[in-house]
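S.K.: I have a structure here, written as structure tokens, and I will follow up with some questions on it.
The values are calculated or read from the model by the stated rules, or taken from the named source; none is laboratory data. Values in this document were obtained by computation on a predicted structure and should not be read as measured data. Note: ideal-geometry Cβ built from the backbone for every residue, glycine included; neighbour counts use all protein chains shown. All accessible areas refer to the heavy atoms of the entire protein, side chains included, with ligands and DNA or RNA removed. Shrake-Rupley method; radii C 1.70, N 1.55, O 1.52, S 1.80 Å.
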Amino acid sequence: MKEIINLTDNLFIASGGERDCYSHPLDNTKILKIIKNKNFSRYQNELEYKYLKSLETRKIPFSHIVKTYGFVDTNLGKALINEKICNFDKQISETFRKSIIEKKFTQN
């Protein structure tokens, strides 16, 4: 019998256009991305996985790209496992979009 990871509200990180993001309950260095509405999915998890794996195959450096680890079954559906990006203080980094909106970058 396959083990299913149980995701709860306290593990929820954020919600995007198509996916919800959760902290991995068994590995604090990883996140789980889950498709919210399977009826209107653009298959973002599968596309992201294939893209990241193709970069890995071509030996592209991952110094500025998250690593991906495959898929796992959860109580909310199949999830893509990715590296969790954190600040120096171990807090989850804010999104690029939020940084732009809050003008944390200069044009230079």
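S.K.: So which of Lys33, Lys50 ends up being open to solvent by less than 70 Å² (accessible area, probe 1.4 Å) and either in contact with a Cys (Cβ under 7 Å, 6 or more places away or on another chain) or outside any loop (DSSP other than H, G, I, E, B) (or both)?
M.R.: On the way: Lys50 fails: open to solvent by less than 70 Å² (accessible area, probe 1.4 Å).
Matching residue, one of Lys33, Lys50: Lys33.
S.K.: Report, by residue number, each residue of segment 69-89 that is open to solvent by 80 Å² or more (accessible area, probe 1.4 Å) and either at pLDDT 95 or above or in a strand (DSSP E or B) (or both).
M.R.: Across segment 69-89, the qualifying residues are Tyr69, Lys78.
S.K.: Give me the residue from segment 53-68 that is closer than 13 Å to Asn82 by Cα and outside any helix (DSSP H, G or I) and, out of that set, least open to solvent (accessible area, probe 1.4 Å). Outline the logic, then answer.
M.R.: So in segment 53-68, the residues closer than 13 Å to Asn82 by Cα come out as 53, 62, 65-68.
Those left that are additionally outside any helix (DSSP H, G or I): 62, 65-68.
Values: Phe62: 41, Ile65: 51, Val66: 41, Lys67: 85, Thr68: 8 Å².
The extreme case among them is Thr68.
S.K.: Go through Ile100, Ile92 for me and flag whichever is touching a residue at least 60 places away in the same chain (Cβ under 8 Å) and either in contact with a Cys (Cβ under 8 Å, 6 or more places away or on another chain) or open to solvent by 40 Å² or more (accessible area, probe 1.4 Å) (or both). Talk me through it step by step, then tell me what you get.
M.R.: On the way: Ile100 fails: touching a residue at least 60 places away in the same chain (Cβ under 8 Å).
Exactly one of Ile100, Ile92 is touching a residue at least 60 places away in the same chain (Cβ under 8 Å) and either in contact with a Cys (Cβ under 8 Å, 6 or more places away or on another chain) or open to solvent by 40 Å² or more (accessible area, probe 1.4 Å) (or both), namely Ile92.
S.K.: Here's another thing I want to ask about it. Looking at segment 22-49, which of its residues are among the charged types (D, E, K, R) and out of contact with any Phe, Trp or Tyr (no Cβ under 7 Å at 6 or more places or on another chain)?
M.R.: Here is the first cut: in segment 22-49, the ones among the charged types (D, E, K, R) are 27, 30, 33, 36, 38, 42, 46, 48.
If the condition is that a residue be among the charged types (D, E, K, R) and out of contact with any Phe, Trp or Tyr (no Cβ under 7 Å at 6 or more places or on another chain), then Asp27, Lys33, Lys36, Lys38, Arg42, Glu46, Glu48 are the ones that fit.
S.K.: May I ask you to say which residue of Ser54, Ser41 is farther than 18 Å from Phe12 by Cα, modelled with pLDDT under 90 and over 13 Å from the mean Cα position of the chain (by Cα)?
M.R.: Values: Ser54 fails: modelled with pLDDT under 90.
That would be Ser41, the only listed residue that is farther than 18 Å from Phe12 by Cα, modelled with pLDDT under 90 and over 13 Å from the mean Cα position of the chain (by Cα).
S.K.: It is to be established whether one or more residues within segment 19-29 are in contact with a strand residue (DSSP E or B) (Cβ under 8 Å, 6 or more places away or on another chain), more than 21 Å from Glu94 (Cβ to Cβ) and exposed (fewer than 14 other Cβ atoms within 10 Å of the Cβ).
M.R.: The answer is yes; a qualifying residue exists.
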